[in-house]
Amino acid sequence: MRIVVAVGGNSLIRAGQRGTMAEQWKNVLSTAVAISDLVRAGHRILVTHGNGPQVGNLLLMAENAKDFLPELRLDYWGANTQGGIGYLLQSSVTNELHRRDIDGRVITLATMVAVNLEDPAFSNPTKPVGPFFSEEDAQRYARDRDWCVAEDSGRGWRRRVPSPRPVDIVEIGAIRDLLERGYVVVGVGGGGIPVVRRADGTYHGIEAVIDKDLASALAARLLDAEMMALSTDVSHAVLHYGRTEQRDIGQVTAAEMARYLSEGHFPPGSMGPKVEAALEFLKNGGKRVVITDPAHLAAAVDDPRVGTSITP
Ligand code: ADP
Ligand code: MG
């Protein structure tokens, strides 16, 4: 099968961790083991990943170096995380395959994802990125850097950027060719580097972020993948999240999942985009979506009784 495995940025730098090298190498290992299991079973794998904590750290570094270094842009920092996280995944999957004597090649691809400037997200930037500021600093950056800023749930002021929907993946042909040749491809990192296509056919980066779950669903559709596996830090999507009546969702249809979504079980910014991405992929010909953690990932691809398994 062709499978898109979407790895959560939060499973690489976990809540409460500082993101040291030791922590990141350790965190990526369980994902590398799962991917190697899938390669051994003969599947063709595109690994996508989030980059929330990682790009946040780069923006914090940039802020602290602003007296010495030029100001760079969010599309560039996003591209940096594709390289850094790509390296962690590429290296650990390569080593895990080698350890098991499995013949396999792994490659990371800087990936641009086209968005539409007419997307309503551009007139209403909603996605907080980077460090917290005092109100005074935030208002100054709003003037000097033309930023959109807003107060973030009582914690301080932050920059906000648009989160437009992904419409095309510029390198999708290259990804398809590499999968066909047997490469494990790490791509579409952080939802892709957001670009717009001009009338003359050229692409230009813009300051926005694309949801990695939606970009992964687009990749899965464009590749005619059979499955999408959303790897996160919980073994199941659940009903009544965080309440005493919480219960795991096992095997479920897209229609049931759509009802749970409309009933408010999956908040925006965490489980919501995963479920939306799953429904979108299944509506467009996908056969099955699993939502689970790295420890259950390979088993969940084999067996619909493991993790949350959604079918059309
Ligand atoms: P990722 O980096 O994998 O995209 P997210 O933080 O965006 O991770 O989403 C996963 C998180 O969603 C879980 O850690 C959990 O805290 C939260 N969550 C919210 N609602 C639910 C739900 N209904 N079922 C399971 N997890 C949920
Ligand atoms: Mg997420």
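Going by the structure shown, is residue 6 within 15 Å of ligand 1 (Cβ to nearest atom), modelled with pLDDT under 95 and on the phi < 0 side of the Ramachandran plot? Quick ask: steps written out before the conclusion?
Numbers: within 15 Å of ligand 1 (Cβ to nearest atom): yes; modelled with pLDDT under 95: no; on the phi < 0 side of the Ramachandran plot: yes.
In short, no.
So, in the range 272-286, exactly how many residues are crowded, with 20+ Cβ neighbours inside 10 Å and in contact with a Phe, Trp or Tyr (Cβ under 7 Å, 6 or more places away or on another chain)?
1
Mind listing whichever residues of the range 122-181 are polar (S, T, N, Q) and either at pLDDT below 95 or farther than 17 Å from residue 215 by Cβ (or both)?
123, 124, 126, 134, 139, 153
Could you list, in sequence order, the residues of the range 298-312 that are under 16 Å from residue 235 (Cβ atoms), away from ligand 1 (no atom under 12 Å from the Cβ) and touching a residue at least 12 places away in the same chain (Cβ under 8 Å)?
Our first condition is that a residue be under 16 Å from residue 235 (Cβ atoms); within the range 298-312, this holds for 298-310.
Still in the running and away from ligand 1 (no atom under 12 Å from the Cβ): 298-306, 309-310.
Scanning the range 298-312 gives 298, 300, 301, 302, 304, 305, 306, 309, 310.
Would you mind listing the helices (runs of 4 or more DSSP H) fully within the range 1-120 where at least 1 residues are touching an Asp or Glu at 6+ places or on another chain (Cβ under 7 Å) and either more than 16 Å from ligand 2 (Cβ to nearest atom) or touching a residue at least 40 places away in the same chain (Cβ under 8 Å) (or both)? Break it down into steps so the answer makes sense when it comes.
Working: elements: 21-40, 52-64, 74-99.
It comes to 21-40, 74-99.
Failed condition for residue 38, given (1) crowded, with 19+ Cβ neighbours inside 10 Å; (2) within 16 Å of ligand 1 (Cβ to nearest atom), with all others met?
Checking residue 38 against (1) crowded, with 19+ Cβ neighbours inside 10 Å; (2) within 16 Å of ligand 1 (Cβ to nearest atom), the one that fails is (2).
Let me spell it out: the conditions are (1) within 11 Å of ligand 1 (Cβ to nearest atom); (2) of a type outside the set (Phe, Trp, Tyr); (3) more than 23 Å from residue 12 (Cα to Cα); (4) in contact (Cβ under 8 Å) with a residue 60 or more places away in the chain, and residue 286 meets all of them except one. Which number is the exception?
All conditions pass for residue 286, except number (1).
Quick check: anything in the range 178-187 within 15 Å of ligand 1 (Cβ to nearest atom), under 14 Å from residue 50 (Cβ atoms) and of a type outside the set (Asp, Glu)? Spell out how you get there, then give the answer.
Taking the range 178-187 as the starting set, the residues that turn out to be within 15 Å of ligand 1 (Cβ to nearest atom) are none.
No: zero hits.
Could you pull out every one of the helices (runs of 4 or more DSSP H) wholly within the range 199-312 that has 3 or more residues that are within 16 Å of ligand 2 (Cβ to nearest atom) and touching a strand residue (DSSP E or B) at 6+ places or on another chain (Cβ under 8 Å)?
Values: elements: 212-222, 254-262, 271-283, 294-302.
Per the criteria, 212-222, 271-283.
I'd like the full set of residues that are surrounded by 19 or more Cβ atoms within 10 Å (Cβ to Cβ) and acidic (Asp, Glu), limited to the range 76-125.
96, the sole residue that qualifies.
Does the range 148-160 include one or more residues that are of a type in the set (Asp, Glu) and within 23 Å of residue 61 (Cβ to Cβ)? Before you say what the answer is, go through the steps one by one.
First, the residues of the range 148-160 that are of a type in the set (Asp, Glu): 151-152.
Filter again for within 23 Å of residue 61 (Cβ to Cβ), leaving 152.
Looking through the range 148-160, at least one residue is of a type in the set (Asp, Glu) and within 23 Å of residue 61 (Cβ to Cβ).
Residue 288: closer than 30 Å to residue 177 by Cβ and either modelled with pLDDT of 95 or more or among the β-branched types (Val, Ile, Thr) (or both), yes or no? Don't jump to the end; show me each part of the working.
On the way: closer than 30 Å to residue 177 by Cβ: yes; either modelled with pLDDT of 95 or more or among the β-branched types (Val, Ile, Thr) (or both): yes.
Here the answer is yes, as residue 288 does meet what is asked.
Out of the range 126-140, which residues are touching a residue at least 40 places away in the same chain (Cβ under 8 Å) and either surrounded by fewer than 17 Cβ atoms within 10 Å (Cβ to Cβ) or not aliphatic (A, V, I, L, M) (or both)? Even if it seems obvious, please write down each step before you answer.
From the range 126-140, those touching a residue at least 40 places away in the same chain (Cβ under 8 Å) are 127, 129-131; that's our starting set.
Passing the criteria: 127, 130, 131.
Of the residues 276, 280, only one is under 19 Å from the mean Cα position of the chain (by Cα), more than 13 Å from ligand 1 (Cβ to nearest atom), at pLDDT 95 or above and acidic (Asp, Glu); which? First the steps, then the outcome.
Details: 276 fails: more than 13 Å from ligand 1 (Cβ to nearest atom).
Matching residue, one of 276, 280: 280.
How about the range 232-272: which of its residues are within 7 Å of ligand 1 (Cβ to nearest atom) and either of a type outside the set (A, V, I, L, M) or in contact with a Cys (Cβ under 6 Å, 6 or more places away or on another chain) (or both)?
Passing the criteria: 232, 233, 236, 241, 265, 266, 267, 269, 270.
Quick check on my filter: what residues within the range 9-31 are within 16 Å of ligand 1 (Cβ to nearest atom) and among the aliphatic types (A, V, I, L, M)? I'd like the intermediate steps shown before the answer.
Keep residues of the range 9-31 that are within 16 Å of ligand 1 (Cβ to nearest atom), which gives 9-17, 19, 23-24, 27-28, 30-31.
Selection gives 12, 13, 15, 28.
The values are calculated or read from the model by the stated rules, or taken from the named source; none is laboratory data. Predicted model only: the values in this text are computed from it and were never measured. For neighbour counting, all protein chains shown are included, and Cβ atoms are generated from backbone atoms with ideal geometry for every residue, glycine included.
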